[in-house]
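Have a look at the structure below, then the notes.
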Amino acid sequence: QVQLVESGGGMVQAGGSLRLSCAASGTIVSSTVMGWHRQAPGKQRELVASISTTGITTYGGSVKGRFTISRDSAKNTVYLQMSSLKLEDTGVYYCAAASASNSWWKVWGRGTQVTVSS
């Protein structure tokens, strides 16, 4: 079965950087649409970045230009490089893998907390 394990979260000061990792098992990330989502308490979970099987990336408007999603096929790992972090970037970040039809997010990681302080 597919399992996703996030790592790299923590507390950073505004303006700093973090790199999140999503290690996958049971699926090949280069053959699967992968995404990063985040959720703050009392708010809806939102998609912040995704990468297609052909390498096409998408970003939420609030992170465009600051975040970069990438993958390392040899390590079967997806990354989210975050720079110029803002207080509003605080939340739990989740890695997800899409279904074969790319119609829904089938598998989710447990999440990793990112806290940005002033």
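The values are calculated or read from the model by the stated rules, or taken from the named source; none is laboratory data. Treat the numbers as computed from the prediction; the structure is a model and nothing was measured. Here Cβ is always computed from backbone atoms with ideal geometry, including for glycine, and neighbour counts include all displayed protein chains. Keep in mind that these areas ignore ligands, DNA and RNA; they rest on the heavy atoms of the full protein, side chains included. Shrake-Rupley method; radii C 1.70, N 1.55, O 1.52, S 1.80 Å.
Computed quantities for the displayed model
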quantity	calculated
Given (1) touching a helix residue (DSSP H, G or I) at 6+ places or on another chain (Cβ under 8 Å); (2) surrounded by 15 or more Cβ atoms within 10 Å (Cβ to Cβ); (3) free of Cβ contacts under 8 Å to residues at least 40 places away in the same chain, number of the condition ARG38 does not satisfy	(3)
Within the range 82-97, considering residues that are hydrophobic (A, V, I, L, M, F, W, C) and surrounded by 19 or more Cβ atoms within 10 Å (Cβ to Cβ), the one nearest to ILE69 (Cα to Cα)	MET82
Test for SER25: is it hydroxyl-bearing (Ser, Thr, Tyr), in contact (Cβ under 8 Å) with a residue 60 or more places away in the chain and surrounded by fewer than 15 Cβ atoms within 10 Å (Cβ to Cβ)	no
Flag for SER70 being within 16 Å of the chain's Cα centre (by Cα), over 15 Å from ALA98 (Cα atoms) and modelled with pLDDT under 95	no
Filter result (at pLDDT 95 or above, over 15 Å from SER99 (Cβ atoms) and in a loop (DSSP other than H, G, I, E, B)) within the range 8-43	GLY8, GLY9, ALA14, GLY15, GLY16, SER17
Residues (among the small types (Gly, Ala, Ser), outside any strand (DSSP E or B) and open to solvent by less than 50 Å² (accessible area, probe 1.4 Å)) located in the range 47-81	SER52, GLY55, GLY60
Tally of residues being assigned to a strand (DSSP E or B), in contact with a Phe, Trp or Tyr (Cβ under 9 Å, 6 or more places away or on another chain) and surrounded by 19 or more Cβ atoms within 10 Å (Cβ to Cβ) across the range 106-118	2
